1. How about region 86-106: which of its residues are out of contact with any Asp or Glu (no Cβ under 9 Å at 6 or more places or on another chain) and within 6 Å of the ligand (Cβ to nearest atom)?
2. Determine which member of the set VAL83, VAL109 is out of contact with any Cys (no Cβ under 7 Å at 6 or more places or on another chain), touching a residue at least 60 places away in the same chain (Cβ under 8 Å), within 10 Å of the ligand (Cβ to nearest atom) and among the aliphatic types (A, V, I, L, M).
3. Of all residues in region 121-149, count the ones that are without any contact (Cβ under 8 Å) to a residue 24 or more places away in the chain and in contact with a Pro (Cβ under 9 Å, 6 or more places away or on another chain).
4. Of (1) near the ligand (Cβ under 10 Å from one of its atoms); (2) surrounded by 14 or more Cβ atoms within 10 Å (Cβ to Cβ); (3) modelled with pLDDT under 95, LEU133 satisfies all except one. Which?
Amino acid sequence: MIVMAVVLLYALWTLRSPQAPSAGSVASKNVGPTSLTAEMIPLVSGDEPIVEIFTKAGCPVCHAIPGIPGAVGQVGPPLTLGVTGAQRLSDSSYQGKASTVHEYVVESVVDPSVFVVPGYPERTMPVWYGAKLSALALQKIAEYLEHQTGNVLEK
Ligand code: HEC
């Protein structure tokens, strides 16, 4: 009996131990840009210059954005919607309400789960931007991004 118990304990221990380090590394991966919380972001009125609109909102943490200094984030896709916007709208799995790239940008910011860009993590883009960005700020963000064709590399 004792031998069996020891064998069983050993088996349980070997099953458990390889999981421990990987669980740890997954947890530490999630700390970082994705831990951006609503409290860390001020209200953006839209009266700010465009660079400030993006940096105040924290978009550069996760996105490369042409023309915005320091916007080299790699968590989400490069925001070159002048190129990618039309691709998203014609994607067979796109089920959102947007019919223009401008509308697609607004939708993506306010309700990111409507379409998750293939190859990028879902539930990562914050869902609370609708409460932080004024209508004017959203308008300016969409107006800026829909014209970006800059060549930042896709991940
Ligand atoms: C914590 C990281 C994070 C932050 C901060 C973030 N995003 Fe995103 N965003 C993502 C990820 C990941 C995706 C891709 C998955 C998806 O579609 O939800 C994405 C997708 C998008 C898309 C769709 C892009 C495409 O190629 O179709 C747009 C537009 C966008 N984000 C704009 C913004 C703007 C504007 C801000 C700031 C107001 C912002 N994001 C802040 C992570 C982030």
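The values are calculated or read from the model by the stated rules, or taken from the named source; none is laboratory data. Because the structure is predicted, anything quoted here is derived from the model rather than measured. Virtual Cβ from ideal backbone geometry, glycine too; neighbours counted across all protein chains shown.
1. ARG88
2. On the way: VAL109 fails: touching a residue at least 60 places away in the same chain (Cβ under 8 Å).
Only one candidate qualifies: VAL83.
3. Looking only at region 121-149, we keep the residues that are without any contact (Cβ under 8 Å) to a residue 24 or more places away in the chain, and these are 122-123, 127, 130.
Adding the requirement that they be in contact with a Pro (Cβ under 9 Å, 6 or more places away or on another chain) leaves 122-123, 127.
So the answer is 3.
4. Exception for LEU133: condition (3).
Residues are listed down the side, and each one gets a yes or a no for (1) closer than 20 Å to GLN139 by Cβ; (2) of a type in the set (A, V, I, L, M):
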| site | (1), (2) |
| --- | --- |
| ASP47 | yes, no |
| PRO60 | yes, no |
| ILE68 | yes, yes |
| VAL72 | no, yes |
| THR80 | yes, no |
| GLY85 | yes, no |
| ARG88 | yes, no |
